[in-house]
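The values are calculated or read from the model by the stated rules, or taken from the named source; none is laboratory data. Only a predicted model underlies this, so the values are computations on that prediction, with no experimental measurement involved. With ideal geometry, Cβ positions are generated from the backbone for all residues, glycine too; neighbour counts draw on all protein chains shown.
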Number of protein chains: 2
Amino acid sequence: MNQSVPPAPGEFDLIDWIRRRSPADERVPLGIGDDCAAVRIAAGAQALVTTDMLMDGRHFRLAEHGPEAVGYKALAVNLSDIAAMAGVPLAAFVAVALPRDRAAEVARGLHAGMTPLAARFGVVLAGGDTNAWDGPLVVSITVLGETVAPGPVLRSGARPGDAIFVTGPLGGSLLGRHLHPEPRIVEALALHRAFALRALIDVSDGLASDLDHILTESGGLGATLDAGAIPVHADAEAMGRQDGRSPLDHALNDGEDFELCLVVAPEDAARLLADPPSPARLHRIGTVDSAPGLRLRSPAGDVTPIRPRGFDHLASDRRG
Amino acid sequence: MNQSVPPAPGEFDLIDWIRRRSPADERVPLGIGDDCAAVRIAAGAQALVTTDMLMDGRHFRLAEHGPEAVGYKALAVNLSDIAAMAGVPLAAFVAVALPRDRAAEVARGLHAGMTPLAARFGVVLAGGDTNAWDGPLVVSITVLGETVAPGPVLRSGARPGDAIFVTGPLGGSLLGRHLHPEPRIVEALALHRAFALRALIDVSDGLASDLDHILTESGGLGATLDAGAIPVHADAEAMGRQDGRSPLDHALNDGEDFELCLVVAPEDAARLLADPPSPARLHRIGTVDSAPGLRLRSPAGDVTPIRPRGFDHLASDRRG
């Protein structure tokens, strides 16, 4: 952002400032500056839409993390939802309630955090809504993408006996990783191209919760996870030393890892592990069961039921 | 809403409650419940996307207006942006920051305000993001639509000599009309079908401001408005009696009327007035000029420059 001339504080100046920094893209014939943006969806594809709202004090702390980190995270978590359908992101729409006393500065910081990430994934910042108020910063982003043949990968396709994988280590994201997740867009597309994925989700609420979404949407199935096979992040170890919870408990329940959790047919499992489509890294963590509920198998072979305790956006207040 | 069973306060219960009330629609093969929604865009059409964020104390007052009115307004203003492209709305995505102490009640009220409007225009509530916090209510809606042949009507197509129309009386919306605007979807589609619209916008910031957007986007043109021809709403008269500003000033600058302002070629103007495509009502209010700037012609024939003083979302605090 070496071309940054501070915009005047008016809304239209700010929008113009952003608009001048938005490169043209043939997929977005109409970007910022009209009543709507217009986006071309490929023939045969469906539009994918996801939206996530982040609030100061809940998903981030503006004073501590700064607006660039917030902009990055707000876009990344939406891109992660496109990855969770094995789709291609096309355009982002950014609605903000800016703290009035530093509205233009925060807007520029958000923009600076978003643009490199958007550019890396070919996403056009194609519109939004800019407001200021006396309340805390709220950033609500909607990402428009498109499905890739043979179609989106849903949560609902798991079957008993299927193998469960995750793409990376989990737990302890609150130590800082939750601010700069890597959306697994490229990994999801590579997996979707090479394998018939039965079900796919990104780990946002927590592995146990998100896997439970897959099992519920697949008709009330269950799963048995191998405790020794779940990749535990070093941050989960560090948090465990602080709070006395086990690192595995952090890996199962912390969330905001934004790795992918995927389910494939048993006959694909060995091939997937032997020849993971680059750049995806894969850990087989368990198996889908016909009996409802989540179970954890210890290295010694004991099986105990576990309950998801992931992020409930209405009840708890864990982030920020 | 006679089937309303109060949902438990958890996020997933609330999402399930909303999901059970979302009718299936062949245009939306995947609605609430996965990482993204999937929407079919008609062959040859482009996706249209618009987003508007409404905040308590700024665009509404929750304690006074209640959540149903807020839900209606939040969806209606987005639908109005689709109308302003002469597009067809398909799906809405609703991100909310709910006041924690009455989150479920407010969510249900918002939903009750949106659903009849959505149903009337064939719009599917296809996704969103539900959060609670200690701050004021924030509702950010994104609407996905599609263009209608021969394409979207932009702001940028006006030419000198073109005739300027609006679809209804303006001014004084703050007395209450701003809460329940009628999105001019049907009118825009009828106009687009019958005439080659050169430019189109909805009156949200104020007639003078919104017309100025058209003139600026059309290459720096101007316009002369006939003071006697601008339809002034009775609310503008009432507000004028309260604050001493002229009713015409209110009609030019208040905004949130959500009528359409359209521009057609001079040869279409008489036909448009003689045979307005139902249900659109049309008022010819002026003419596009090659000389930049807005001018007002009095009934006596005097022409004076005027400056738009419409809503700046960063600077002022007029709504609510």
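So the values come out like this:
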| quantity | calculated |
| --- | --- |
| Qualifying residue in the range A:217-227 (condition: within 19 Å of A:L154 (Cα to Cα) and surrounded by fewer than 17 Cβ atoms within 10 Å (Cβ to Cβ)) | yes |
| The range B:220-248: number of residues that are of a type in the set (D, E, K, R) and touching a residue at least 24 places away in the same chain (Cβ under 8 Å) | 3 |
| Cβ pairs under 7 Å, 6+ apart, first in the range A:134-162 and crowded, with 24+ Cβ neighbours inside 10 Å, second of a type in the set (F, W, Y) | A:I141/A:F93; A:T142/A:F93; A:T142/B:F93 |
| Residues of the range B:13-62 classified as under 20 Å from B:W133 (Cα atoms), free of Cβ contacts under 8 Å to residues at least 12 places away in the same chain and in contact with a strand residue (DSSP E or B) (Cβ under 6 Å, 6 or more places away or on another chain), total | 0 |
| Any hit, the range A:18-26, residues being at pLDDT 95 or above and among the aliphatic types (A, V, I, L, M) | no |
| Residue match in the range A:155-162 (condition: within 14 Å of chain B (Cβ to nearest Cβ), under 18 Å from the mean Cα position of the chain (by Cα) and within 25 Å of B:V94 (Cβ to Cβ)) | yes |
| Selection count where residues are at pLDDT below 95 and touching an Asp or Glu at 6+ places or on another chain (Cβ under 8 Å), scope the range B:220-273 | 1 |
| Residue check for A:L170: more than 30 Å from A:D101 (Cβ to Cβ) and facing chain B (nearest Cβ under 7 Å) | no |
| Strands (runs of 3 or more DSSP E) wholly inside the range A:205-320 that include at least 1 residues being within 22 Å of A:G176 (Cα to Cα) and in contact with a Leu (Cβ under 9 Å, 6 or more places away or on another chain) | A:260-264 |
| Counted residues, the range B:43-85 - those being closer than 19 Å to B:L200 by Cβ, more than 7 Å from chain A (Cβ to nearest Cβ) and either modelled with pLDDT under 95 or in contact with a Lys or Arg (Cβ under 6 Å, 6 or more places away or on another chain) (or both) | 1 |
| Given (1) more than 8 Å from every other protein chain (Cβ to nearest Cβ); (2) closer than 27 Å to A:V153 by Cβ, index of the condition A:G31 fails | (2) |
| Extreme residue, farthest from A:S218 (Cα to Cα), among residues of the range B:27-36 that are under 26 Å from the mean Cα position of the chain (by Cα) and not small (G, A, S) | B:R27 |
| Tally, over the range A:109-129, of residues that are closer than 27 Å to B:P136 by Cβ and surrounded by fewer than 21 Cβ atoms within 10 Å (Cβ to Cβ) | 1 |
| Selected residue (only one of B:A229, B:A291, B:A236 is under 20 Å from the mean Cα position of the chain (by Cα) and either of a type in the set (D, E) or over 26 Å from B:G87 (Cα atoms) (or both)) | B:A236 |
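Conditions tested, residue by residue: (1) within 30 Å of A:A42 (Cβ to Cβ); (2) in contact with a helix residue (DSSP H, G or I) (Cβ under 6 Å, 6 or more places away or on another chain).
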position	(1), (2)
B:V139	no, yes
B:P152	yes, no
B:L175	no, yes
B:R184	no, yes
B:A194	no, no
